[in-house]
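What follows is calculated from the coordinates using simple rules that are stated; it is not laboratory data. Source: prediction; values computed, not measured. All Cβ positions, even for glycine, are placed from backbone atoms using ideal geometry, and neighbour counts span all protein chains on display.
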């Protein structure tokens, strides 16, 4: 029996458009930006991979969060796995076919000449793997690097980015690439900072959110379960926007509505964001931070300027220590590197809108301002 968890939406036309773009601009990758949990990784695996395979391109996926401290090793591991799949087929028949024959009717043959082993140094190994995999497969490689903003915080990130750019440029006939990023701030730092190794290298595109087609599938399945009930599309669209267009979260909300036989989207959304399973995680994340960072998040969740004079005074009162602009900048930088904050057009924002809402609901301005009535908003 079909369930809500069976509902997925495919976007083959979008995958074809991206692949055509890569084929028309040899040596230049595309970078897809969208916040976390809106379906980028699902798209790479379930839409782009099959389309690329059908078009005779060999897709290779690497999650750079797999080894944040050593992202190039994660890329090389993905390439080595793909090389194994090409040169060592699965199944006994495939392995036998690839096994060299050493003797026939008692006649011994010499060893087949072997290429020198792959370099140990990660940057050189990356280049060698691209060449070897392209030759072994007879196909152009589609290298899909998920969460590429991890390079911004890697200890040798600049060197890795320089290597990736060099290989993708020099081996443009053998490889093309798609990057994804869930931090606009970090992605801009990598791709748009003058002097950075990848400055203006990739074409940055906004990865589109799912639209009403996905919501209609959820509504349709709700109707199939509750024949005489329905969910208002406009209400569900508002809830989807509020939670940041995260498909799995809106699916969870509709599943809860179905379990209770409720058509009230607003009530279901409110129940979802105040549920213990949501608030427990947010609470743990918030109180794991130092006091100054906690207070900074309260300030930002209420839309206040973190370096305004009155805000600094309030931060000093709340934290129990003298808070200066330099300390605020350092705290903001730590929060950015931790992936909690983003900076857009000079304004600091809490990346997760739901986390921001939780902080503002549970920490009023009294937590920051002490006896003052209100902090300035500018």
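Listed values, structure above:
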read-out	value
The stretch 212-273 - percent relative contact order, Cα under 8 Å, separation 6 or more	32 percent
Peptide ranges 157-164, 278-285 listed from the most packed, as the mean C-beta count within 10 angstrom indicates	157-164, 278-285
Residue exposure sequence - 263, 123 - by fewest surrounding Cβ within 10 Å	263, 123
The chain, relative contact order [Cα under 8 Å, separation at least 6], %	17 percent
Distance histogram for the stretch 238-359 (every C-alpha pair counted, 5 angstrom bins, percent rounded to whole numbers)	2, 10, 19, 20, 16, 12, 9, 7, 4, 2, 0
Pair residue 66, residue 278: separation of 7 Å Cα→Cβ label points (nm)	3.3 nm
Nearest 10 degrees, 0 to 90: helix 309-319 Cα axis against the chain principal axis	80 degrees
Calculated FRET value between residue 338 and residue 361, using beta carbons and R₀ = 22 Å, to 0.05	0.50
Kirkwood hydrodynamic radius (C-alpha pairs) into Stokes-Einstein, the stretch 212-273, 10 °C and 1.306 mPa s, D in µm²/s	141 µm²/s
Least to most buried among 235, 333 (fewest other Cβ within 10 Å first)	333, 235
Proxy reagent accessibility, fewest Cβ within 10 Å first, across 269, 143, 14	14, 269, 143
